[in-house]
Amino acid sequence: MKKLLLSVAAVLLLGLAYYGEKPLLTQNSLPEMEEFYNESLHLDQMSQDSVDNYIVKVKGFTISRPNAKYDPLYSDIKENIKKKTKRDYFIY
């Protein structure tokens, strides 16, 4: 009985280790978030006024679509904005 339980546990651990290498759920980004991300890559070329307008646009989108905060690109967009503005209080 112990050998059977150990064998089952070993198989389960190996299965979990295999699935730990890749995400179980993958989420595609929203098209708008992809556009925001691409735009965030060029924030260093924008004036401060344009960056502020961009931040308002992103905030407005995430307020109107709260699930956008769970988009895979959201944290990257936030980080790009923080790097440009040197502020730590973008969106929470």
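Read-outs: derived from the displayed coordinates by stated rules, not from any lab. Quick caveat, the model's predicted, so the values are computed rather than measured.
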Query raised in the report: Hey, could you pull the Cα Rg and Dmax for region 31-92, both in Å?
Result: 10.6, 29
Query raised in the report: What are the aspartates and glutamates whose alpha-carbon lies under 18 Å from the alpha-carbon of residue 84, with same-chain residues fewer than 8 places away excluded?
Result: 35, 39, 44, 49, 52, 76
